[in-house]
1. Being within 22 Å of ARG528 (Cβ to Cβ) and surrounded by fewer than 18 Cβ atoms within 10 Å (Cβ to Cβ) is the filter here; which residues of the range 693-717 pass it?
2. Any chance you could count how many residues in the range 715-741 are part of a loop (DSSP other than H, G, I, E, B) and touching a residue at least 12 places away in the same chain (Cβ under 8 Å)?
3. Looking at LEU337, LEU383, which is the one that is out of contact with any Gly (no Cβ under 8 Å at 6 or more places or on another chain), surrounded by fewer than 20 Cβ atoms within 10 Å (Cβ to Cβ) and farther than 29 Å from GLN471 by Cβ?
4. Given (1) under 19 Å from THR681 (Cβ atoms); (2) in a loop (DSSP other than H, G, I, E, B), identify the lone condition not met by MET568.
5. Just to be sure before I move on: is LYS387 outside the structural domain of PHE640 (by TED's automatic domain parsing), modelled with pLDDT of 95 or more, basic (Lys, Arg) and under 18 Å from the mean Cα position of the chain (by Cα) in the structure I sent?
6. Quick one: what pairs do we get from the range 691-712, first residue without any contact (Cβ under 8 Å) to a residue 60 or more places away in the chain and among the β-branched types (Val, Ile, Thr), second part of a loop (DSSP other than H, G, I, E, B) and surrounded by fewer than 17 Cβ atoms within 10 Å (Cβ to Cβ), C-beta under 7 Å, 6+ apart or different chains?
7. Do you know which of the residues in the range 430-439 that are outside any loop (DSSP other than H, G, I, E, B) and in contact (Cβ under 8 Å) with a residue 60 or more places away in the chain is surrounded by the fewest Cβ atoms within 10 Å (Cβ to Cβ)?
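The values are calculated or read from the model by the stated rules, or taken from the named source; none is laboratory data. The structure displayed is predicted, hence computed values, not measured ones. Neighbour counts are summed over all protein chains in view; Cβ atoms, including those assigned to glycine, are modelled from backbone coordinates with ideal geometry.
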Amino acid sequence: MKLVKHLTIFLVVATYSFGLMAQDHPKLILTQEGVKEIRAKMGNLPILDKTLATIKEEVDTAIEQGIDVPVPKDYSGGYTHETHKRNYRLMQKAGILYQLLDDYTYALYVHEMLKAYADLYPNLPIHPKERSYARGKLFWQCLNDSNWLVYASQAYDCIYDYLSKKERKHLEKNLFRPFADFISIKNPQFFNRIHNHSTWGNVAVGMIALVMEDDALLERALYGIKDVELNTGTKDNDGGFIIEEGKEAGFYANLDEPFSPDGYYTEGPYYQRYAMYPFLIFAQALQNVKPELKIFEYNNNVLVKSVYALLDLSDMDGDFFPINDGQKGMSYYNTSLVNAVDVAYYYGNKDPKLLDIAQKQGTVVLNDAGLSVAKGLKNNQQLPYVKKSIDLRDGPNGEEGGISVLRKDKLELVFKYTAQGLSHGHYDKLSYSFYENGDEVVQDYGLARFVNIEQKGGGNYLKENKTWAKQTVAHNTLVQDQTSHFGAKYEVGSKNHSEHYLFNIEDPKIQVVSGIEKNAYPGTKMHRTMAIIQDEGWQKPIVLDVLQVESDMPHQYDMPFYYLGQLMTLNVPYKAEDTLRPLGGDFGYQHIYKEGSAQLTDDNLKFSWMANNKFYTLTSLATAKDSLIMGRVGAGDPEFNLRRDPVLIHRKNDRSNTMYASVLESHGTYSPVTELAVNATSNIKKLYKLYEQDGYWAVGIETVDGRTTVFVFSTLNNTSDKYHSINIEGRELKWKGPFTLINLN
């Protein structure tokens with residue numbers, strides 16, 4: 001450990017190397033022009049001044065405490081991990097302060113810390129923790145080592161001209177070049193892949209390459225490692241990784257493969273948020289140093305589009321929908337999104353709606369992009385960022401399914417019909433979640449991990465992420481024969497994707513999304529259609545959900561429903577279990593306790609519950625052969641790693657073809673202050689199937705006041721100009737387009 005408790009700065013030290021060479025730094029994220037303008041604007045841009053003051057206070061406190069560069073030993077959340085993480089952030093901030101305040105205190109602080117790392121790094125072994133497929137040196141995985149180099153590169157750029165040639169040579173020889181080689185050539189299984197991990201690795205090497213003006217390193221960052229660089233044929237030094245001939249790798253490949261033309265990142269918004277920082281930091285650096293690459297125009301401006309996609313994949317509170325592996329509560333207030341919004345504003349078209357998000361974030365990045373945002377806010381140029389219903393395609397060509405969000409009157413319906421989503425994907429084709437006013441009502445579980453909390457598995461993914469969170473039964477979608485989609489086999493799931501059938505929001509009162517899945521189970525086709533419908537007489541819009549199943553042989557089908565809140569009423573007698581036992585032994589069923597059960601006796605299942613002082617009711621089609629399981633997550637979990645969330649499972653036995661149809665209502669409120677419940681009961685009297693043949697289905701909804709509404713849908717023709725006609729109980733229905741809503745009254 002190297003510990004420098006106090007930094008005493010003498011004038012001779014401060015002037016030791018300043019001015020010895022041409023001033024061509026900083027040039028990556030901060031530019032000389034930007035520094036000059038920020039200095040001139042200080043005191044006149046409130047959000048920038050506030051950010052600068054906050055960072056200065058943080059760094060000043062750290063300087064007073066001294067420099068600590070401990071020998072690595074911990075997982076995420078442990079002392080050494082968090083100290084090295086804090087160090088790289090402090091270096092980056094101190095470098096910025098040096099440039100903006102012209103105070104050598106900060107340059108010396110960065111230099112002293114980098115020297116400490118240059119003393120430590122050459123003799124560091126591989127990190128002692130063995131969990132990662134690519135162990136780092138400073139951290140337990142190369143991913144975090146790459147984080148360090150991305151930030152340290154920015155710090156080095158900021159103090160580059162402060163240092164003498166000899167000092168720079170020392171840092172580059174003993175720290176930066178070996179560091180870049182380690183996370184790339186020594187770990188090709190980490191560096192040469194398509195994944196957010198590799199993006200960080202590519203960018204780390206690329207950033208330091210730009211500072212050092214090393215074209216060979218930059219080539220490696222942009223296009224991946226070539227086997228000639230490995231010096232061991234086509235394998236790494238451990239003999240475990242083969243460079244596939246012709247396989248794309250590097251920064252450009254990670255721009256090409258995971259992003260769709262709409263800016264959706266196939267791993268989902270949680271990891272898109274994480275990956276956006278390196279993507280956009282490197283893009284800024286390339287734009288400043290290599291403008292001829294026109295990186296922000298690449299793939300039809302996909303980087304700027306991706307920022308909008310992320311913002312649109314957040315709820316009313318700004319929290320990202322937990323699609324695939326995603327921690328709940330992650331939001332656009334994260335520092336990665338502060339950078340993303342500022343960059344999208346500056347390098348995009350200076351969209352005033354992005355200023356609205358920046359104002360909510362309450363901070364900016366201290367560089368040219370943040371300066372531009374601060375000026376826009378100072379001049380009151382912001383306009384409201386209104387989130388609308390969206391459909392984002394998945395896949396590099398936009399042909400691998402997608403994800404849709406239907407929005408109406410503070411209700412948000414998230415429908416997922418994507419590709420697998422790389423290693424962070426879940427086995428949940430045609431799943432959905434539902435929100436009201438930013439609160440989860442029907443949830444997606446998210447990930448099973450306590451990020452950076454050392455007490456829980458070192459802050460890493462828990463085994464329950466594979467045994468529970470990724471499994472199909474953990475989601476609101478169909479499970480066949482108590483097995484997960486694709487048998488929960490990644491190599492199978494990654495070769496398949498759901499299909500887009502329809503997204504139509506032309507009439508804001510009837511918004512519809514529909515998708516098809518043919519490969520999740522061999523011989524079985526699923527077609528799910530969901531709609532948010534606003535009609536006269538309903539207090540709020542309702543959600544209609546129809547899933548058709550066609551199979552070549554009989555199966556058991558389960559439809560889980562993960563409501564959040566307290567059960568109010570159930571329209572069938574049910575029996576609570578005296579002893580809690582798991583529902584099954586695999587595919588996630590081992591983690592569900594059976595708390596109760598019921599045989600469905602009516603042609604409708606009606607379940608009401610209360611959440612967030614609001615009342616909800618699910619009305620579903622049922623038959624006397626159907627059964628209901630009342631479950632609770634948490635079985636097979638001796639370390640209490642899982643939340644004890646409730647679930648209803650609607651089971652159909654021995655069916656080949658069947659239909660699940662339901663209506664979800666939000667219909668009332670409760671006040672703990674007045675102790676009054678308003679509209680606490682459902683407004684739907686009955687749900688019934690009117691028609692299902694010849695590529696059409698029709699579902700009727702009868703309300704308690706006697707109104708009947710019929711929704712009709714074509715499953716074979718989704719074109720908007722096609723005329724349709726069917727006969728239901730002697731009544732001919734005619735309409736144009738793939739669906740219609742008919743009021744029989």
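1. GLN693, ASP694, GLY695, LEU716, ASN717, listed by residue number.
2. Count: 11.
3. Exactly one of LEU337, LEU383 is out of contact with any Gly (no Cβ under 8 Å at 6 or more places or on another chain), surrounded by fewer than 20 Cβ atoms within 10 Å (Cβ to Cβ) and farther than 29 Å from GLN471 by Cβ, namely LEU383.
4. All conditions pass for MET568, except number (2).
5. Details: outside the structural domain of PHE640 (by TED's automatic domain parsing): yes; modelled with pLDDT of 95 or more: yes; basic (Lys, Arg): yes; under 18 Å from the mean Cα position of the chain (by Cα): yes.
So LYS387 passes the test.
6. That search, which allows pairs on different chains as well, returns THR708/LEU744; THR708/ASN745; VAL710/LEU744.
7. Kept after step one, since they are outside any loop (DSSP other than H, G, I, E, B), are these residues of the range 430-439: 431-436, 439.
Next cut, in contact (Cβ under 8 Å) with a residue 60 or more places away in the chain only: 432-436, 439.
Numbers: TYR432: 23, SER433: 24, PHE434: 26, TYR435: 22, GLU436: 20, ASP439: 17.
Looking at the filtered set, the residue picked out is ASP439.
Quick grid of which residues meet (1) under 16 Å from the mean Cα position of the chain (by Cα); (2) not in a strand (DSSP E or B); (3) not assigned by TED's automatic domain parsing to the domain that holds GLU517:
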residue	(1), (2), (3)
SER423	yes, yes, no
ASP428	yes, yes, no
VAL441	no, no, no
GLY446	yes, yes, no
GLU454	no, yes, no
LYS466	no, yes, no
THR477	no, yes, no
